[in-house]
Amino acid sequence: MTVLLEPAAPAPGALAPGAGPAPRAWRRLRRRPAALLAGGALALLVLLALAAPLLAQLSGQDPNAYHDDLVDSARGGVPLGSFGGISGDHWLGVEPGTGRDLFTRLLYGARVSLLVALGATVLQVLLGVVAGLTAALGNRLLGRLIARVTDVMIALPLLVLAIALTAVVPPDFPRPLLLVLAIGILDWGGVARMVRAQTLSLRGLDFVEAARLSGNSTLRIARRELLPSLAAPVITLAALKVPTNMVIEASLSFLGVGVKPPTPSWGQMLSGAQTWFRADPAYVLLPAGLLFVTVLAFTVLGDGVRTALDPRAGSRLRVGTRKERTA
Amino acid sequence: MSDLLVDVRDLVVDFPVGGPGAYVRAVDGVSFTMGPGHALGIVGESGSGKSTVAAALLGLHRGTGTRLGGTVRVAGTDVGGASAAELRRLRGATAAMVFQDPLSSLDPYYAVGDQIAEVYRVHAAVSRRAARARAVSVLDRVGIPDAVRRSRARPHEFSGGMRQRALIAMALVCEPRLLIADEPTTALDVTVQAQILDLLHGLRREEGLGLLLVTHDVGVAAESVDELLVMRDGHAVERGPVAEVLAGPADPYTRALLAAVPRLDAPRKPRPSRETATTAAGVAGVAGGDGAEVPVVEALGLRREFGRGKRRVTAVGGVSLAVRAGETLGVVGESGSGKSTLGRMLVGLLEPSSGRVRHAGDEARGIPAGVQMVFQDPVSSLNPRRSVGESIADPLRAAGERDEAAIRARALALLERVGLEPGHYDRYPHEFSGGQRQRVGIARALAPRPRLIVCDEPVSALDVTTQAQVTALLAELQQELGIALVFIAHDLAVVRQVSDRVAVMRSGEIVEEGPVDEVYDRPAHPYTRQLLDAVPVLDPELAAARRHRAVGPS
Amino acid sequence: MTRFVLGRLGGALLVLLVLSLAVYALFYVAPGDPARLACGERCNPAQIAQVREQLGLNDSVVVQYLHFLQGLLAGRDYSGGAAVLHCDAPCLGFSYQNDRQVTELLLERLPATFSLALGALVIWLVVGVGTGLLSALRRGGATERVLTVLTLAATGTPVFILGLLLLMAVCAYLQWLPFPTYVPFGEDAEQWAWNLLLPWITLGVFESAKYARITRSSTLETLAEDHIRTFRAYGVGERALVTRHAVRGAVAPVIALSAVDFGTMIGGAVLTESLFGIPGLGKTLIDGVRVVDLPVVVGVVLAIGTAVVIAGAVADLLYAVADRRVTLS
């Protein structure tokens, strides 16, 4: 590195004395409108999903009730009325063929999507952190073994294995739980590899060496020195895992091996969509749009979290431009 | 007017920071001129704006959002007003720059010869083959042996010194009139540094090049230039012929800067007699009788190897030493000499491949109690997520101290002792400068009342004035507390300032060890002599004499 | 170099062995009666007993697995009842529901999958890498911002939504193309291409987002490195800096990732195949799962695993060759 010049005066937005890392991250996140917007949209979605039974009651609809009278059976079950049968009772219209209320089905679908995505992420993080830490700090043999297993887990095609798994699990096993377990157990390799690599590089840092010299045990070092520094990258990766998991759930349900009817799910609603391209486009566009927006919002939020938490993100602005200045 | 090679008037450089319209002034009204074939050294500490001035000469700030004021003319070209094409012609062909880190300054993917040829073809309409031949000839000119073959190697296959030579060859390829060297030897070992400085000197004399040397090291500048420009906080504080500035600095900052530069030839400051040291050690509960005193740390035939099979390298190959209470052992050596590996084995962070370490007579397994370390890098040596007070308190907590009030009181006392304020307890490392962080590191090392502290390059990341303060603090504390100190450094002058005894390391072995004044004044081993000879001195005449000795009159 | 290759191959074989064990354990030892599952819903008890005999399900689990391995490596005979079935290596078993050997079935499905993957590869190398390069060249400008938003949007979109919308727009509303049906290359090359056009675009564009991001970020990362500053300070033009020096940093990751992705697709782009009705490995898998045809599922999973593991090994080798800063060890 060239001898970089330090700013003579503190940069604007310089930190108040004593500001810890968490408030700094929050301040950085607040400066990203796209991430905030995404976060807001997701908060709204979560709220709606949580309140799904309440809203269903409010609209007076049951997501699984058939309404044969609302579809035109002569034309193969196209909803009566315009825009997929939107009416005062059915705010977003009805499902073609069955006449089930689309609004409540989409809401209940959101519950499944969010539950599986978040649940699987939690499981992935738990397994990944434990495996990664053990691989980095455990004894040589154990460490190498776990590292190998991690490599294998990363190499295996998740979707294919998850599909195969659904073939052998008894049909009465609760599906959302199965999806959480399948995604979580098959896809923790990424977290583990990252945690291992980070731990190995952190372990060589001087402040960890200093802690060792002061007589701290390995466990205490892991808890006090390593985990706080690992929190940022783990949270970042977890935030980016959520949309990935959501897509996997939707994909499995789309393929017909995920959430089983009558439980609604966005992906599952789309699996029958091809038939209705012309007759009822709203039925295709609503779940597709909802899934697209949700996944995009999670991705944008995750990206915002990444830049807010990356300790170099703030300084990268400065160091980076400083580098370019001399460049 | 137009016969000036460099003409800088009222140069102002503002860097954008964060929000819109927010700027930080890096250079504030600097003016200087330089004639063809002359050599000017710009000297200053980090943050003085010296590298920024160098970059401004080539218009490297263009397109980065930086605000520039004043005029910069290089060989008649107005850098500020030049078109993009004119600027490209200036860069490399008229004025060429040599950067600090030779490894990262070359493209890792291409052969060195091809990179030099590429630069040549930007400025000269020649065939690929002719450019390649030209590249080989400049590589040969800068003293790269077997240039035809070496030109096909990629940068990582070169040693540090060879890479810097290759960069200089790239600078020469278009026969520029001005060479701008930004810290060209900072990343190099002292013996290699001397060779590169000699090369630059020879090029100046033989090719009639103008040289603008940017450096933090006054000694390097004294060896290489005719005139000095001293910068501080974006201002030029002093300018004059190098001998005059060194002999009689007019500006108070220059005086302070020169006073802080550690001198190789200055005998160490008088220190309290051995008696007091032993008493202090007695207080710490370590000492025995004078003659039968047990060393605080003792190494017996320490070896350490890394890697396996064919790639096995010996970092430390059979080192024995002993350090007593109240004593400072300096360990000097160039990069790769194994000095840091040795230090880590002494404190138990690294297991030796063979040999033993004894602490106060006992053979230790793992990490023994009562040893601490001060690290080189002020950034990574403190946990960024913990307040500095908590960092200092950590060894106390680890030792089982539960009394929160006692912990805090001791941490506060230590903060004060190393020259920081008690109010700093709850602040985070990023709020401190490098020197302050190093003080925190020292306080942390002192917290558990150790018998031995190993300092691994504790001041090499610091500016020279800060360096002087931190070394003084270490020496003071050591005398006061009677701790045994191992001071590892590559800088021979710094080691002389703090050590009682010194061990010179090369390739994992101690080639010479003895009382510091004896080793420095009457070196017995040829390698020690070579090291001492290579250190730049703050006297242009002495430097010329050394150069005369080294290369011979040519 | 040889050591590196051998080591990597050894590792790949080990992974495959572990995978075969895991898959075998999961499907043949876990719940339910495998003979019943293998035979299918409509089998009578006598048929099931025959299948059980043929599969050797009366042997111990270890012997069964060894037979399975033997079948993979050397081929095996299914004997029992009247017929003796010979199954050549690599024998993945017998699908009673299809009345076919699984290996045969898979080989028959491979060309469709390969066709799909090849076209997608071309698209992501052209569109993805091109987009990334363009946004690196135009960094800071409006072009870059538009490309970044597009890339971000494409990154999150599930591939089947992209495919559905394409189908809806191109086939249902604009009617530029009929709904695709797979035509083998050997039958009619032109129809093969027309019918694969939409699947190619779907999969290619979906993957392109990733490649655009990687190309752009590796290029920008390299642009921030010190050696770029050197060449800029020597008058090398901006375009040459990006196209000659900075892009070099993206070559190795793009090649390595392409190998992995191509391998995974050979293993079956389940969603795309299923959406467009392409009779490839992926569709075979999902069909096998729907009717619980375990031998087919096991066979596809092992085949896909093999493709992925080989691709991973190839990717490592390519990376090492492309990025010669990496020492082979």
Suppose we keep just the DSSP beta bridges with both residues in the protein assembly as shown; what percent of those would be antiparallel, to 5? 60
Ranking B:G508, A:V234, C:V301 by how far each Cα lies towards the positive end of the charge dipole of the protein assembly as shown (+1 on Lys and Arg Cβ, -1 on Asp and Glu Cβ), the top one is B:G508
Per-pair calculated FRET efficiency, R0 = 22 Å: B:E480 and B:D265 via Cβ, rounded to 0.05: 0.20
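Is there a quick way to get the dipole size of the range B:375-511? I mean about its Cα centre, with the Cβ of Lys and Arg at +1 and of Asp and Glu at -1; what is the value in debye to the nearest 20? Intermediate values should be presented prior to the final figure.
Values: 16 positive and 18 negative charges, 49 e Å.
In total the dipole reaches around 240 debye.
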Please list the non-local residues whose amide H lies under 5 Å from the amide H of B:D217, H modeled 1.01 Å from N, same-chain partners needing a gap of 5 or more. none
Tell me, C:T306, C:T215 in order of fewest to most beta-carbon neighbours within 10 Å? C:T306, C:T215
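Taking R0 as 30 Å, what FRET efficiency do you get between A:R140 and B:A153 from their Cβ-Cβ distance, rounded to the nearest 0.05?
Details: r = 36 Å, r/R0 = 1.20.
Step by step, r from the Cβ atoms, then E = 0.25.
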Out of C:T284, C:T143, C:T264, any idea which swings most in a Gaussian network model of chain C, alpha carbons joined below 10 Å? C:T143
Which helices count as membrane-span-like in chain A under these terms: full DSSP H, at least 15 Å along the axis by C-alpha, Kyte-Doolittle mean of 0.5 or more? A:33-50, A:102-137, A:140-155, A:158-168, A:175-186, A:227-254, A:281-309
Based solely on its DSSP helices, what 222 nm [θ] is calculated for chain B when runs of n ≥ 4 H residues each add -39,500 (n - 2.57) and the sum is averaged over all residues, nearest 500 deg cm²/dmol? -11000 deg cm²/dmol
Go ahead and run the numbers for FRET between C:S60 and C:V5, Cβ-Cβ distance against an R0 of 45 Å, rounding to 0.05. 0.75
So what's the angle, to the nearest 10 degrees on a 0 to 90 scale, between helix C:294-322 and the longest Cα principal axis of chain C? 30
Residues whose placed amide H lies under 5 Å from that of B:M373, excluding near-sequence neighbours: B:V454
Treating only the Cβ of Lys, Arg, Asp and Glu as charged (+1, +1, -1, -1), what charge dipole size does the protein assembly as shown show about its Cα centre? Round to the nearest 20 debye. 620
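In the neighborhood of A:S253, defined by Cβ-to-Cβ distances under 10 Å, what is the net charge if each Lys or Arg adds +1 and each Asp or Glu adds -1?
That works out to +1.
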Amide hydrogen neighbours beyond the local backbone of B:A181, cut-off 5 Å, H modeled: B:V98, B:L212, B:L213, B:V214
Helix B:404-417: angle to the longest alpha-carbon principal axis of chain B, degrees 0 to 90, nearest 10? 50
Quick check: the angle from helix C:102-123's long axis to the longest principal axis of chain C, C-alpha only, nearest 10 degrees? 10
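If we count other beta carbons within 10 Å of each Cβ, what is the order of C:W200, C:W194, fewest first?
Ascending Cβ contact count within 10 Å gives the list C:W194, C:W200.
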Phi-based couplings in Hz for the range C:85-101 (Karplus 6.51, -1.76, 1.60; Gly and Pro marked x): 9, 9, 10, 6, 5, x, 8, 9, x, 10, 9, 6, 5, 9, 6, 9, 6
Using a basic spin-label model with each label point 7 Å from the Cα along Cα→Cβ, how many nm lie between B:L300 and C:V321? 5.6
Sort all Cα-Cα distances of the protein assembly as shown into consecutive 20 angstrom bins from zero, then give the percent of pairs in each bin up to the one containing the longest distance. 9, 32, 33, 19, 6, 0
Which of C:A259, C:A89, C:A46 moves most in a GNM of chain C, Cα contacts under 10 Å? C:A46
Roughly how many debye, to the nearest 20, is the charge dipole of the range C:103-328 about its Cα centre, given +1 on each Lys and Arg Cβ, -1 on each Asp and Glu Cβ, and no other charges? 1080
What fraction of the Cα pairs in chain B, stated in percent, has a spacing above 30 angstrom? 57
Sequence order, the range B:501-515: Karplus ³J(HN,Hα) from phi using 6.51 cos²θ - 1.76 cosθ + 1.60, θ = phi - 60°, Hz rounded, Gly and Pro as x, gives 10, 9, 10, 9, 10, 8, 6, x, 10, 7, 8, 7, 9, x, x
If each DSSP helix of 4+ residues adds -39,500 (n - 2.57) and the sum is divided by the residues in chain A, what number results at 222 nm, nearest 500 deg cm²/dmol? -21000 deg cm²/dmol
Considering Cα pairs under 8 angstrom that are at least six residues apart, work out the relative contact order of chain A and quote it in whole percent. 22
Once phi is turned into θ = phi - 60°, what whole-Hz ³J(HN,Hα) does the Karplus curve with 6.51, -1.76 and 1.60 give for every residue of the range C:171-185, x standing for Gly and Pro? 8, 7, 9, 6, 6, 6, 10, x, 4, x, 10, 6, 10, x, 4
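Where a number appears in this text, it was derived from the coordinates with a stated rule and is not lab data. All values reported here derive from a predicted model rather than from experimental measurement. Heads up, the Cβs are rebuilt from the backbone with ideal geometry, glycines too, and the neighbour counts pull from every protein chain shown.
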